[in-house]
Amino acid sequence: MLLLEWGLSGAAIFVCMQGAPLPAASPPQQSVAAPSSQVMSGPAQAEAAEPRLVADTSINIQIVDKVSSATAKPGDTFAIRLADPLFADGKIVVPAGTIGRGEVIHAKKSGWGGKAGELIVTARYLEFGTQHIPLGHFHFAASGKSRVNEAFVVTEIIPLGAFLVSGGETIIQPGTLANAKLREDVLVNVQSNGIISP
Amino acid sequence: MSKSRMGYMAALAAFAFVAAQVAVAQDAAAPIITKSGPLAAPEAGKGEVVFFRPGSIMGAALGCTVHEGEPQIARLGSGKFFVVSATPGRHEYSTQGEATDRLTLEVESGETYFVKCNIGMGVMSGRANLSPSDRATFAKKAKGLKLWEPREAKP
């Protein structure tokens, strides 16, 4: 019995080591930067007190408009929205449902011989107040799971076959979940719902 | 066996099970192993475009030439792949055969993109086609794919 316990302990440790998380390829998924400790006055001090969303923060988004390889052209834009709110200092600074725009990078109709239609899209920005929050590193979500408070995202790309392929065309349905990252640091003026430039 | 010992063993077994699930999940981020070795991560500040042509009888005698602008960057035979380190930004790749096929990518640093080359049926000869693919598809074929090595740069 003691040997069995030791065996289980050893197996647990071995398996745990096998499953040890790889170093993160992207920065920690925090949306708050520590405020500067320098003494400032006036506008600089007010700016430093504003919550900041840091570059490379992962966000969950949802496709709003249907996009089809049958009709889409490179350069076409489509509506997206923030699926989960963005937090700073434990408070929501950009609410879920905030609308933005995505863009079609590549589109081709289905062809003869059963060749499927092709679509490559990306997320461009979220519209917040009077400014745009630029986005990048767009990926479709494998399962759409997210944890609201941690902005945890799933980053695996699902196979194209998982999209609806109708009559050979590739269609991205409204409601499809995806992930993106903030391209740059953004200072958020929560009271006026505007953005202070970084 | 006492109850406390049974509880301890049950906890150990549960822990081992959960850790195993974590191990499975991490496989998705593990490097893909090809016939020529593991696929490297992108260079710092760049993205990576992996062109691959799964083994197939269709058009086996024809090469899938990949161009960016005029220069040829790869000529993939059946079962070959090639990795291009690309600067961030828009890139248009094309292949030439009976007809020209184009694919536009917007490359971002730290990202890897997968593009599949197929030779389909043409009127007079094969038609090469570049189509967007994904990590999972490449990973399934990887063990049968060998890195293409250029002999000399062709204009």
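Summary table
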quantity: Efficiency of FRET from Cβ geometry, B:Thr100 and A:Gln173, R₀ 30 Å, rounded to 0.05; calculated: 0.45
quantity: Phi to ³J(HN,Hα) by Karplus 6.51 cos²θ - 1.76 cosθ + 1.60 over the stretch B:133-150, Hz, x for Gly, Pro; calculated: 10, 8, 4, 4, 5, 5, 4, 5, 8, 4, 5, x, 10, 10, 5, 6, 10, x
quantity: Inter-label distance for A:Thr130 and B:Glu43, nm, one decimal - labels placed 7 Å from Cα along Cα-to-Cβ; calculated: 4.3
quantity: FRET E, pair B:Lys35, A:Ala55, Förster distance 41 Å, beta-carbon r, rounded to 0.05; calculated: 0.60
quantity: Label-point separation, A:Asp89 to B:Arg5 (7 Å along Cα→Cβ), nm; calculated: 5.7
quantity: Distance (nanometres) between label positions extended 7 Å along Cα→Cβ at B:Ser85 and A:Lys73; calculated: 3.8
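Since every read-out is calculated from the coordinates, none of them should be taken as a lab result. On a predicted model such as this, the values are computed, not experimentally measured, just so you know. Backbone-built Cβ (ideal geometry, glycine too); neighbour counts: all protein chains shown.
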